[in-house]
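Nothing in this text is a laboratory measurement; each read-out follows from the coordinates by a stated rule. Every value quoted in this text rests on a predicted model; they were computed, and no experiment measured them. Glycine also receives a Cβ, built like all others from the backbone with ideal geometry; neighbour counts cover every protein chain displayed.
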Amino acid sequence: MAKASEIKTGNILRINNELVTVDEWNHRTPGKGGAFYTGKFRNIKSGRIVEARMNTDEAVEICRVETNDYQYLYEEGDYLVVMDNNSYEQFNVEKSLFGSAIKFLKEGMNIIVSMESDEAIMAQLPNFAEFEITYSEPAVKGDTSTNALKAATLENGVEVKVPMFVNQGDKIKIDTRTGEYVERVK
């Protein structure tokens, strides 16, 4: 157990058997009374933000979280089977940990998983991924004067908006956090 004065922004704490990340943590010293801390915690499972106030000597549990790169192998029901790149050990990670970015997951892609006592608590894809366009309407002459976008289907079946000059067979880079086109890859 640690004291509230040892908490830092970014720590992961266990409060009421729930894991939370520390988004903000401020030390307050009012003119009257003792010093205390105020902060905002984000629940890892639900994403809900909770504001808290703690005395400087209040006991909290700071969790030890290990974050490593893993390789995505295949899908198995509501789980993804991933492999540790160092020990080649395989284990399951819940799909729900990836959120909406999971639609950009490709076989063999390296992902980042955070583990707390042998349980995956957070997972994310790389910020950018490259995909080949399998279908795109040809551009109409004269449409290129503005920042016009057209629909394109990626190799994994996801539809994204791309500039008019991008054609079928081109490789493009996508921002997996937003699903937006970044650039054409050579």
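Before moving on, here are some points about what is shown:
- Qualifying chymotrypsin sites (Phe, Trp or Tyr not before Pro) in the range 1-96, DSSP loop, other Cβ atoms within 10 Å at most 12: 88
- Which labelled figure in (i) 1.38; (ii) 1.00; (iii) 1.07 is Cα Rg over 2.2 N^0.38 Å, once derived from the coordinates: (i)
- Computed from the C-beta positions of residue 62 and residue 110, the FRET efficiency with R₀ = 22 Å rounds to 0.20.
- Stretch in the chain that is longest and holds no GluC sites (Glu not before Pro) that DSSP places in a loop and that have at most 10 other beta carbons within 10 Å: 1-88
- The calculated FRET efficiency for the pair residue 159 and residue 73, based on their C-beta separation and a Förster distance of 30 Å, comes to about 0.70.
- Using a cutoff of 8 angstrom between alpha carbon atoms and counting only pairs six or more residues apart, the relative contact order for the range 66-124 works out to 36 percent.
- Each Cα pair under 8 Å and six or more residues apart adds its sequence gap; the mean of these over the residue count of the chain is a relative contact order of 14 percent.
- When only the Cβ of Lys, Arg, Asp and Glu is charged (+1, +1, -1, -1), the dipole of the range 2-62 relative to its Cα centre reaches about 140 debye.
- Residue 28-residue 118 FRET efficiency (beta carbon distance; Förster radius 35 Å; 0.05 resolution): 0.40
- With each label modelled as a point 7 angstrom along the Cα→C-beta vector, the residue 96-residue 2 pair spans 2.8 nm.
- Total lysine pairs in the chain at Cα distances under 16 Å, for residues eight or more apart or on different chains: 16.
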